[in-house]
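K.L.:
Please see the structure below; I have some questions.
The values are calculated or read from the model by the stated rules, or taken from the named source; none is laboratory data. Quick caveat: nothing in here was measured; it's all calculated off a predicted structure. A quick note on method: Cβ atoms are made from the backbone with ideal geometry, for glycine too, and the neighbour counts reach across all protein chains shown.
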Amino acid sequence: MVGIVIVSHSCAAAEGIRDLAAQMAGPELRIIACGGMEDGSIGTDAMRVRDAILDADTGDGVYVMVDLGSGIMSAETAVDFLQDEEEHAGICVQIADAPVLEGTVSAAVSASAGDPLEEVISAAEEARGMRKLT
């Protein structure tokens, strides 16, 4: 099953998004919240993201949801770290180009259905076009 990592500058935001997605997807899906810095302050940390990717990995790929630009940089750096580590170089990791909340929920539902990484990505990216009002 595809794992999901939520990278947010806020620990509370990452955990809240994880909790919502987990209720929609079920307990068997690995959704890891990676928000804020180690000391609880606002920010993102590439090494913490790296560790979250490893926690989320089941062998079917990991999809990383991000909230803001520097979170993307932290996620990219984390992927670079993993590729430089021989024992983790084979992990398939994709960074999302999708809204963090809606995309995570859509990705989680898709992943929990056993969809492959490409379909999980598609589900999350389709969330960009979701209208809330008609």
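K.L.:
Is it fair to say VAL64 is assigned to a strand (DSSP E or B) and touching a helix residue (DSSP H, G or I) at 6+ places or on another chain (Cβ under 9 Å)? Give the steps one after another, and end with the answer.
P.N.:
On the way: assigned to a strand (DSSP E or B): yes; touching a helix residue (DSSP H, G or I) at 6+ places or on another chain (Cβ under 9 Å): yes.
Considered against the rule, which asks whether it is assigned to a strand (DSSP E or B) and touching a helix residue (DSSP H, G or I) at 6+ places or on another chain (Cβ under 9 Å), VAL64 comes out as yes.
K.L.:
So MET73 fits all but one of (1) at pLDDT below 95; (2) more than 11 Å from the chain's Cα centre (by Cα); (3) among the hydrophobic types (A, V, I, L, M, F, W, C); what number is the exception?
P.N.:
Failing condition for MET73: (1).
K.L.:
Among the residues of region 88-134, write down those that are of a type in the set (D, E, K, R), over 13 Å from the mean Cα position of the chain (by Cα) and under 19 Å from ILE32 (Cβ atoms).
P.N.:
Scanning region 88-134 gives a single hit, ASP115.
K.L.:
Right, something else. Can you find even one residue in region 22-29 that is at pLDDT 95 or above and either within 11 Å of VAL5 (Cβ to Cβ) or not in a helix (DSSP H, G or I) (or both)?
P.N.:
Yes, region 22-29 has at least one match.
K.L.:
Right, here's the next one. Residues of region 72-115 being exposed (fewer than 15 other Cβ atoms within 10 Å of the Cβ), outside any helix (DSSP H, G or I) and either charged (D, E, K, R) or in contact (Cβ under 8 Å) with a residue 24 or more places away in the chain (or both), which ones?
P.N.:
Passing the criteria: GLU85, CYS92, ASP97, GLY114.
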